[in-house]
Amino acid sequence: MASQVNVGLLVPGSFRNAPPKMAEFTEFFRRADQLGFHSLWVIDRIFHEINVLEPMTLLTCAAAVTSRIRLGTSVLLFVFRNPVQLARTTATLDHLSGGRLTLGISLGGRDHEFEPLGISKERRVSRFRENLALLRELWAEGDTSHHGHFYNMDNVNVAPKPVQKPGIPIIIGGTADPVLKRSGQEADGWVAGGGGTPESFRQSWEKVQGYAREAGKDPDSLDAGKLMYICVGDDRDWCRNNLVEYTHAYYGDQYDVDNNCAFGPPEECAKKIQSFVDAGVKTMILGPSSPNVGQITRIANEVVPLLR
């Protein structure tokens, strides 16, 4: 699989009906690894009207049956996670996978998810920042002492440590300017969700790079990710309807499939993807509507070779 951009796959994790069984996911993961895709990514949601699989469980299943492909979250709802427990989960997964994990995080969450989890929405930014600092301390240090607004501890240790040094790469998702600033100054990259235009991506990515320069970082060292749902097929209308059914179940009827997704013959899909590559995307995360090995085989063999 040769392309200027890293092409990854979003693991289908939301289902209006019963989710697929383990065997179907296992075949999907193995085939993605064999086809040469760069990475596998998972979504996160706490509460939903439909079935949404827990992301770290899904990534662990992927790690168990693959050997090369990177594993990532796009993105984890970070303020809803206890950073000590997350440090253990991510360090263990990085160890077991041989250093293949990328942690994508966001402030995230729908309004109704905060209160049931005992999290103050008004203090989510300060919690995010403290979670991030503590997570990195626990990954790096043997005896961590931390005294903050939300967590207090003395001489604690999380082991094993991540394989990747100085820690697991962290990218941040979102479009608000403070998010772009944190992505450039405090993270290893930025990832955009399943909406927006190539021009809006370009503008946001330029801001991230500018913030990185202000912090004395090399902007070329940062990753720039983009999620796009995809359905490749000769029947353009069928492909469109397939994505409408899938994305509307998760995002709601307001989600704009025509402008946000790639569907139809390979040439049309590649043209849509290329417009974002030209805008600066380094890692393209393509989301099929099901763990269908035929679909990802077509993406690898018929779409990716058209990208430059």
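Values quoted throughout were computed directly from the atomic coordinates according to the rules given, and no laboratory measurement underlies them. What you are looking at is a predicted structure, and each value in this text was computed from that prediction instead of being measured. As a convention, Cβ positions derive from the backbone with ideal geometry for all residues, glycine included, and neighbour counts pool all protein chains shown.
Tabulated values for the structure
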quantity: D (Stokes-Einstein, µm²/s), Kirkwood Cα radius, the chain, 1.306 mPa s at 10 °C; calculated: 80 µm²/s
quantity: Debye log10 I(q)/I(0) at q = 0.12, 0.14, 0.18, 0.22 Å⁻¹ for region 184-254, Cα point scatterers; calculated: -0.48, -0.59, -0.76, -0.91
quantity: Stokes-Einstein D in µm²/s, Kirkwood radius over Cα pairs - region 195-306 at 20 °C with 1.002 mPa s viscosity; calculated: 143 µm²/s
quantity: Solution diffusion estimate, µm²/s, Stokes-Einstein, region 33-136, Kirkwood Rh from C-alpha pairs, 20 °C, viscosity 1.002 mPa s; calculated: 147 µm²/s
quantity: Computed helical MRE - 222 nm, the chain, DSSP H runs ≥ 4 contributing -39500 (n - 2.57), nearest 500; calculated: -12500 deg cm²/dmol
quantity: Residue 234-residue 200 pseudo-label distance in nm [points 7 Å out on the Cα-to-Cβ vector]; calculated: 3.5 nm
quantity: Inter-part distance where region 202-248 and region 118-166 are each reduced to a Cα centre, Å; calculated: 29 Å
quantity: Selection from 159, 6, 238, by position along the positive dipole direction of the chain (Cβ); calculated: 159
quantity: Exposure proxy order (Cβ contacts within 10 Å, fewest to most) of 147, 38; calculated: 147, 38
quantity: Net lengthening on full extension, residue 155/residue 57 (0.36 nm per residue, minus Cα-Cα); calculated: 32.4 nm
quantity: Ellipsoid semi-axes in whole angstrom, largest first, where each is sqrt(5λ) of the Cα gyration tensor of region 95-228; calculated: 26, 20, 15
quantity: Listed residues 269, 61, 231, most fluctuating in the chain (Gaussian network, C-alpha, under 10 Å); calculated: 61
quantity: Measure of compaction for region 78-121 (Cα Rg per 2.2 N^0.38 Å); calculated: 1.39
quantity: Simple Cβ-charge dipole of region 234-297, Lys/Arg +1 and Asp/Glu -1, about Cα centre, in debye nearest 20; calculated: 280 debye
quantity: Length added when fully stretched, residue 268-residue 96, from 0.36 nm per residue minus Cα-Cα; calculated: 58.0 nm
quantity: Theoretical FRET efficiency, 1/(1+(r/R0)^6), r = Cβ-Cβ of residue 49 and residue 143, R0 35 Å, to 0.05; calculated: 0.20
quantity: Region 125-180 - convex hull of alpha carbons, volume per residue in Å³; calculated: 79 Å³
quantity: For the chain, share of DSSP beta bridges that run antiparallel, in % to the nearest 5; calculated: 15 percent
